[in-house]
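Student: Next up is a structure, given as structure tokens.
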Amino acid sequence: MNDRTLEALGLARAPREFPLDYPGAWPTESGLLVGDRLLPLDDRVTYEDRTPVLAIGSNACPGQLRHKMTEFGIDSPVPMVKVRVTGVDVGVSAHVSRVGYVSASPVNSPGAVRELFVTWFDARQLTVVDASEVAYDRAWLTGPEFGFTSSDSGESLRGAHVYVNRHGVLRDGTGVPRRHPGERALLTELLAASTELRKLFGRTPEEFCVRARADRELCERGTRLFREEGLVTVSGLERFVRPQQTGSPGTGSSLPPPLM
């Protein structure tokens, strides 16, 4: 199609503004995000002057990425490479975000195979995204446990960064990390299972989002409740987190965190 705007492609809505859309609409193929357009990507899979970050949730939504970058006046292109990932699955963060949703978080899952996106950020872009992920630490995944292969060319990447949640992840009834089914389904399940959560956030996903948005204290209470009710476990990726140097590119130290 000739019209490559995010609006025309159905990729414009940012979950930050529409929390029940989380994780937002993802592209069907690799692309180059340039402002409000998603252009076809060339045959490149790696970019030596950029940092590869695996998008687990809304960072694979072009509308969400545009929202984050626009907040800081950044309009440089972002390559988004569709990849076949092994060893990582999409779990549920054990915290309530102030933008009104319970986000996705990566979990170590041997044998799991998912089609996700690797976003390649330059230093300024990485700083913005790091700053937006206030509940997460960035970790480098590489080695035989994990695989990252281009869905287009079959070329393998050496590894990728992911954002590991400091609060842990939510578990299912068997004690293993639960999978994120999409925001409306997730909130419906969580609210139905917890009287105390309904007391805090209401009975419906819509009420949850309205009450959570920008209410830091309520979000913190919800986060504590997850742990109090025994719903939290580890992601299995904590051991890959390494301290970042303060002030180095991508630490987020030079930017105030966006509302998350």
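Student: Just to be sure I understand: with springs between alpha-carbon atoms less than 10 Å apart, which residue in Ala112, Ala104, Ala55 has the highest mean-square fluctuation in the Gaussian network model of the chain?
Tutor: In this elastic network of the chain, the residue with the biggest mean-square fluctuation among Ala112, Ala104, Ala55 is Ala112.
Student: Tell me the net charge near Val164. Cut-off is 14 Å between Cβ atoms, Val164 excluded, with +1 for each Lys or Arg and -1 for each Asp or Glu.
Tutor: Within the 14 Å Cβ shell, the charges total -1.
Student: Let me ask another. How tilted is helix 123-132 with respect to the longest principal axis of the chain? Cα atoms for both, answer in degrees (0 to 90, nearest 10).
Tutor: Computed tilt is about 10 degrees.
Student: Normalised by the residues of the chain, what does the relative contact order come to in percent, with Cα pairs under 8 Å and at least six apart?
Tutor: Working: 566 pairs, mean separation 59.4, N = 260.
The value is 23 percent.
Student: Okay, next question. Is it possible to state the helix-based mean residue ellipticity at 222 nm for the chain, with each DSSP H run of 4+ residues giving -39500 (n - 2.57), the sum divided by total residues, to the nearest 500 deg cm²/dmol? What is it? It would help to have the intermediate numbers written out before the result.
Tutor: Working: 7 runs with 63 residues, N = 260.
It comes out at -7000 deg cm²/dmol, rounded to the nearest 500.
Student: Check each of the chymotrypsin sites (Phe, Trp or Tyr not before Pro) in segment 101-135 and keep only those in coil by DSSP with at most 12 other C-beta atoms within 10 angstrom; list them in order.
Tutor: On the way: sites: Tyr101, Phe117, Trp120, Phe121; in loops: Tyr101.
Here no chymotrypsin sites (Phe, Trp or Tyr not before Pro) fit, given the DSSP loop and packing criteria.
Student: Whole number in Å², please: accessible area per residue of the chain, 1.4 Å probe, ligands, DNA and RNA not counted.
Tutor: Details: 11730 Å² over 260 residues.
About 45 Å² of surface per residue is accessible.
Student: Would you please give the residues with an amide H less than 5 Å from that of Ser235, counting only those at least 5 places away or on a separate chain, with H modeled from the backbone geometry?
Tutor: Under 5 Å from the amide H of Ser235: Val169.
Student: Using a Gaussian network for the chain with springs between C-alpha atoms less than 10 Å apart, which of these wobbles most: Leu54, Leu191, Leu170?
Tutor: Ranking Leu54, Leu191, Leu170 by mean-square fluctuation puts Leu191 first.
Student: Build a GNM of the chain with springs between Cα atoms under 10 Å: which of Arg242, Arg213, Arg50 gets the top mean-square fluctuation?
Tutor: Of Arg242, Arg213, Arg50, the Gaussian network model singles out Arg242 as fluctuating most.
Student: Looking at the calculated P(r) for segment 15-145, what percent of the C-alpha pair distances fall above 20 Å? Intermediate values should be presented prior to the final figure.
Tutor: On the way: 3685 of 8515 pairs.
Tail fraction, whole percent: 43.
Student: Roughly to the nearest percent, how much of the accessible area of segment 81-198 is carbon and sulfur, given a 1.4 Å probe? Mind showing how you got there, number by number?
Tutor: Details: 2050 of 4210 Å².
In segment 81-198, the share of accessible area belonging to carbon and sulfur is 49 percent.
Student: To the nearest 10 degrees, how steep is helix 62-71 against the longest Cα principal axis of the chain, on a 0 to 90 scale?
Tutor: 90
Student: Okay, next question. On average over all directions, what projected area in square nanometres does segment 109-186 have, based on the convex hull of its Cα atoms?
Tutor: Numbers: hull surface 28.3 nm².
Average projection, Cα convex hull of segment 109-186: 7.1 nm².
Student: Continuing with this model, one more query. Convex hull volume of the Cα atoms in the chain, per residue, in Å³? Could the numbers behind the result be given before it?
Tutor: Details: hull volume 31.7 nm³, N = 260.
So the per-residue Cα hull volume is 122 Å³.
Student: Along each of its three principal axes, how wide is the spread of alpha-carbon positions in segment 1-76, in whole angstrom units, largest first?
Tutor: If we take the Cα atoms of segment 1-76, the spans are 35, 29, 24 Å.
Student: Skipping prolines and chain starts, which residues have an amide H placed within reach, meaning under 5 Å, of the one on Ser103, given they are 5 or more residues away or on another chain?
Tutor: Ser93, His95, Ser97
The values are calculated or read from the model by the stated rules, or taken from the named source; none is laboratory data. The model shown is predicted, which means the values in this text are computed figures rather than measured ones. With ideal geometry, Cβ positions are generated from the backbone for all residues, glycine too; neighbour counts draw on all protein chains shown. Heads up: the accessible areas ignore ligands, DNA and RNA and are worked out on the full protein's heavy atoms, side chains in. Shrake-Rupley method; radii C 1.70, N 1.55, O 1.52, S 1.80 Å.
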